[in-house]
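Heads up, the thing below is written out as structure tokens.
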Amino acid sequence: MPRFRFQNLTQIEKSPTSPAALQSRFTEILMNSSACRAKVEAINPTTGEYRIVLQGTLDWDENTPQTNL
């Protein structure tokens with residue numbers, strides 16, 4: 001399976017995006033992480049708005065050079 005790259009991270013912020021596309025990107029990140037966690041920062045029961053922070057460590061392929069964002 002190809003490893004997740006820095007360039008893939010910028011794709012998360014592209015909008016608009018469908019929930020299915022976002023789910024696919026997050027699944028790719030999680031599956032290529034050696035550690036991860038999620039924190040619910042905010043939730044508004046009136047509007048349904050929420051904010052979740054995903055934090056982790058990507059499992060880099062040492063043979064593939066990474067570039068900075």
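The values are calculated or read from the model by the stated rules, or taken from the named source; none is laboratory data. Treat the numbers as computed from the prediction; the structure is a model and nothing was measured. Backbone-built Cβ (ideal geometry, glycine too); neighbour counts: all protein chains shown.
Points to keep in mind about this one:
- Looking across segment 24-69, the residues that are loosely packed, with under 11 Cβ neighbours inside 10 Å, more than 13 Å from the chain's Cα centre (by Cα), of a type in the set (A, V, I, L, M) and modelled with pLDDT of 90 or more come down to VAL40, ALA42.
- Identity of the residue in segment 7-23, part of a helix (DSSP H, G or I) and more than 17 Å from VAL53 (Cα to Cα), that ends up nearest to the chain's Cα centre (by Cα): ASN8
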